[in-house]
1. ASN54 to VAL32: extension gain in nm, 0.36 nm per residue of separation minus the Cα-Cα distance?
2. On a full-extension model of 0.36 nm per residue, what is the gain between LEU39 and VAL68, subtracting their alpha-carbon distance, rounded to one decimal in nm?
3. Report which label in (i) 1.19; (ii) 1.71; (iii) 1.05 holds the value of Cα Rg over 2.2 N^0.38 Å derived from the coordinates of this structure.
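Nothing in this text is a laboratory measurement; each read-out follows from the coordinates by a stated rule. Since we're looking at a predicted model, the values are computed, not measured.
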Amino acid sequence: MKNISLLKRMSESRLLWPLVAWVLILAFDAIVEPGFFKLGIIEDPVYGKHLYGNLIDIFNNGAPLMLVAIGMTLVIATGVSIYPLAL
């Protein structure tokens, strides 16, 4: 088995540059808006205690899009579709 260094494997990975871009975006957010990563707990008389903050809003609003993207990926990767059931 070949003994390839970790640094060489990381530099050849297709995942490296998207992760670098993501880290740069997060660093930019932390510098420009220092309260961006702040999380808190708010007490609602109807729903009780729950988390709030920018990151929570991003996850809550991005969840439906993420589910659709995962579903589309599975359909494209496997070739299985529910279209024949609609006939």
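1. 6.5 nm is the gain from fully extending ASN54 to VAL32.
2. 7.7 nm
3. Recomputing Cα Rg over 2.2 N^0.38 Å here picks out (ii).
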